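Enquirer: Got a structure for you, written out below as structure tokens; questions coming shortly.
What follows is calculated from the coordinates using simple rules that are stated; it is not laboratory data. These numbers were taken from a predicted model, which means no experiment stands behind them. No Cβ is skipped: glycine too gets one built from the backbone with ideal geometry, and neighbour counts run over all protein chains shown.
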Amino acid sequence: MARKIIIDTDPGQDDAVAILTALASPELELLGLSVVAGNVPLPLTTANALRVADLAGRPDLPVHAGCDRPLLEDLHTSEVVHGDSGLDGSELPPPSRAATPGHAVDWLVATLAAAPERSVTLCPIAPQTNLALAIRRAPEILRAVDRIVMMGGSAFYGGNASPAAEFNIFVDPHAAAIVFGAGVPITMIGLDCTHKALMPRWWLDDLVALGTAVGRTVAGMMDFNERYDRWRYGSEAGPLHDPCVIAYLLAPDLFGGKDCHVAIETGSPLTRGMTVVDWWGKTGLPANAHVVTEVDSDRLFRLLHERLARYG
């Protein structure tokens, strides 16, 4: 039986690859997308989610627009990385439809309220505002959540939005604090892992060589996306963030990590959004997350290539 998942997203080139990979994987049943402001403002992230669903040949996929700002902070976006559209590097046409009626938070609450116990995996690959509001509005929905597998945070790597904080957590640290405090099993795939998943040139070239719209589009988007990381970090290639969440669901043996207590810094102006990972158990607090720090990069990219090659 396929694992039922919901992806909470702010597309973003790497979000697009995560969504496409999930839709190409029969092991997963994607119930829909809840969309939030993050990489770019909400009208663009919503349009981008719809464009990606069109590219995948899934105009039936529910795409619900959600929160257009963090709980308490001003919105910080990342056009410097993702371009003005959020999907720069692609030539996707405008979406064929509008978003599915209804706010994403309402849809999350209704969908989880109707789901059997521990039957849905939540996959936030964006600021966690939608999830936090759903939890605050109807905490009883957590009974339906098997696990949260998220992209965000950092144990040892530092930050990419500030010296201390990874972007998804930095944008809405108060939402992340609610999610990490919800008592649901969490797998945190942060920068320690994703900055070891550097996009090899063969992967981009082989995607182009597929001769498909998906192959060309993903290669173009990710080639654009990695230019920032090569400049900022001086690396030979750019890291691939959000698709690691889907790869973890498909092949958890590709990854390694440790159960830890994770707290979210919401007060300090210097470290706001920092994921404070108690790697050595110094606080004595119980673990609330499996913190992923390792990945078999070669096998990861071969898995992603195999899934993306399924599109005609």
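Enquirer: Filter the range 76-124 for residues that are more than 17 Å from Arg137 (Cα to Cα), of a type in the set (A, V, I, L, M) and surrounded by fewer than 18 Cβ atoms within 10 Å (Cβ to Cβ) and give the result.
Expert: Val80, Ala98
Enquirer: Would a scan of the range 71-86 turn up a residue that is part of a loop (DSSP other than H, G, I, E, B), in contact with a strand residue (DSSP E or B) (Cβ under 8 Å, 6 or more places away or on another chain), in contact (Cβ under 8 Å) with a residue 12 or more places away in the chain and under 25 Å from Thr266 (Cβ atoms)?
Expert: If we filter the range 71-86 for residues that are part of a loop (DSSP other than H, G, I, E, B), which is where we start, we get 71-78, 83-86.
Those left that are additionally in contact with a strand residue (DSSP E or B) (Cβ under 8 Å, 6 or more places away or on another chain): none.
Among the residues of the range 71-86, not one is part of a loop (DSSP other than H, G, I, E, B), in contact with a strand residue (DSSP E or B) (Cβ under 8 Å, 6 or more places away or on another chain), in contact (Cβ under 8 Å) with a residue 12 or more places away in the chain and under 25 Å from Thr266 (Cβ atoms), which makes the answer no.
Enquirer: Same structure, new question: Which condition number does Gly215 fail, the rest of (1) more than 20 Å from Asn168 (Cα to Cα); (2) of a type outside the set (A, V, I, L, M); (3) touching a residue at least 24 places away in the same chain (Cβ under 8 Å); (4) not in a helix (DSSP H, G or I) being met?
Expert: The single condition Gly215 does not satisfy is (4).
Enquirer: So how many residues does the range 87-104 have that are within 20 Å of Val36 (Cβ to Cβ), small (Gly, Ala, Ser) and either free of Cβ contacts under 8 Å to residues at least 24 places away in the same chain or in a loop (DSSP other than H, G, I, E, B) (or both)?
Expert: Number satisfying all stated conditions: 3.
Enquirer: Oh, and also: Residue pairs, Cβ under 8 Å, 6 or more apart or interchain, first in the range 220-236 and touching a residue at least 24 places away in the same chain (Cβ under 8 Å) and closer than 20 Å to Asp206 by Cβ, second of a type in the set (Asp, Glu) and surrounded by 18 or more Cβ atoms within 10 Å (Cβ to Cβ). List them.
Expert: Met222/Asp14; Asn225/Asp14
Enquirer: Name the single residue that is surrounded by the fewest Cβ atoms within 10 Å (Cβ to Cβ) among those in the range 52-75 being charged (D, E, K, R) and over 19 Å from Ala175 (Cα atoms). Spell out how you get there, then give the answer.
Expert: Keep residues of the range 52-75 that are charged (D, E, K, R), which gives 54, 58, 60, 68-69, 73-74.
Cutting the leftovers down to over 19 Å from Ala175 (Cα atoms) gives us 54, 58, 60.
On the way: Asp54: 17, Arg58: 15, Asp60: 9.
Top of the filtered list is Asp60.
Enquirer: Select from the range 134-158 the residues that are in contact with a helix residue (DSSP H, G or I) (Cβ under 9 Å, 6 or more places away or on another chain), of a type outside the set (D, E, K, R) and more than 25 Å from Leu191 (Cα to Cα) and list them in ascending order.
Expert: From the range 134-158, those in contact with a helix residue (DSSP H, G or I) (Cβ under 9 Å, 6 or more places away or on another chain) are 134-138, 140-145, 148-158; that's our starting set.
Filter once more, so that each one left must be of a type outside the set (D, E, K, R): 134-135, 138, 141-142, 144-145, 148-158.
Across the range 134-158, the qualifying residues are Ala134, Ile135, Ala138, Ile141, Leu142, Ala144.
Enquirer: On to the next question. Out of the residues in the range 129-147 meeting the condition of being under 19 Å from Ile169 (Cα atoms) and out of contact with any strand residue (DSSP E or B) (no Cβ under 7 Å at 6 or more places or on another chain), tell me which one is surrounded by the most Cβ atoms within 10 Å (Cβ to Cβ). Steps first, answer last, please.
Expert: Just the residues of the range 129-147 that are under 19 Å from Ile169 (Cα atoms), to begin with: 129-136, 147.
Subset that is out of contact with any strand residue (DSSP E or B) (no Cβ under 7 Å at 6 or more places or on another chain): 129, 132-136.
Details: Thr129: 32, Ala132: 25, Leu133: 22, Ala134: 29, Ile135: 25, Arg136: 13.
Within the range 129-147, the match that is surrounded by the most Cβ atoms within 10 Å (Cβ to Cβ) is Thr129.
Enquirer: Among the residues in the range 219-235, are any among the basic types (Lys, Arg), closer than 21 Å to Thr9 by Cβ and either touching a strand residue (DSSP E or B) at 6+ places or on another chain (Cβ under 7 Å) or surrounded by fewer than 18 Cβ atoms within 10 Å (Cβ to Cβ) (or both)? Please lay out each step first, then the result.
Expert: Filtering the range 219-235 down to residues among the basic types (Lys, Arg) leaves 227, 230, 232.
Still in the running and closer than 21 Å to Thr9 by Cβ: none.
Scanning the range 219-235, I find no residue that is among the basic types (Lys, Arg), closer than 21 Å to Thr9 by Cβ and either touching a strand residue (DSSP E or B) at 6+ places or on another chain (Cβ under 7 Å) or surrounded by fewer than 18 Cβ atoms within 10 Å (Cβ to Cβ) (or both), so the answer is no.
Enquirer: Of all residues being in contact with a Pro (Cβ under 9 Å, 6 or more places away or on another chain) and assigned to a helix (DSSP H, G or I) in the range 112-137, which is nearest to Leu72 (Cα to Cα)? Just the residue, please. First the steps, then the outcome.
Expert: In the first step, residues of the range 112-137 are kept if they are in contact with a Pro (Cβ under 9 Å, 6 or more places away or on another chain); the result is 125-127, 129-131.
With assigned to a helix (DSSP H, G or I) added as a condition, the list becomes 129-131.
Details: Thr129: 10, Asn130: 13, Leu131: 15 Å.
Looking at the filtered set, the residue picked out is Thr129.
Enquirer: What number of residues within the range 88-104 satisfy the criterion of being among the hydrophobic types (A, V, I, L, M, F, W, C) and either out of contact with any helix residue (DSSP H, G or I) (no Cβ under 9 Å at 6 or more places or on another chain) or closer than 19 Å to Val171 by Cα (or both)?
Expert: Filtering the range 88-104 down to residues among the hydrophobic types (A, V, I, L, M, F, W, C) leaves 92, 98-99, 104.
Those left that are additionally either out of contact with any helix residue (DSSP H, G or I) (no Cβ under 9 Å at 6 or more places or on another chain) or closer than 19 Å to Val171 by Cα (or both): 104.
Going through the range 88-104 one residue at a time, the tally reaches 1.
Enquirer: Right, Ala155: without any contact (Cβ under 8 Å) to a residue 40 or more places away in the chain and either closer than 19 Å to Pro252 by Cβ or surrounded by fewer than 22 Cβ atoms within 10 Å (Cβ to Cβ) (or both) or not?
Expert: Values: without any contact (Cβ under 8 Å) to a residue 40 or more places away in the chain: no; either closer than 19 Å to Pro252 by Cβ or surrounded by fewer than 22 Cβ atoms within 10 Å (Cβ to Cβ) (or both): yes.
It is false that Ala155 is without any contact (Cβ under 8 Å) to a residue 40 or more places away in the chain and either closer than 19 Å to Pro252 by Cβ or surrounded by fewer than 22 Cβ atoms within 10 Å (Cβ to Cβ) (or both).
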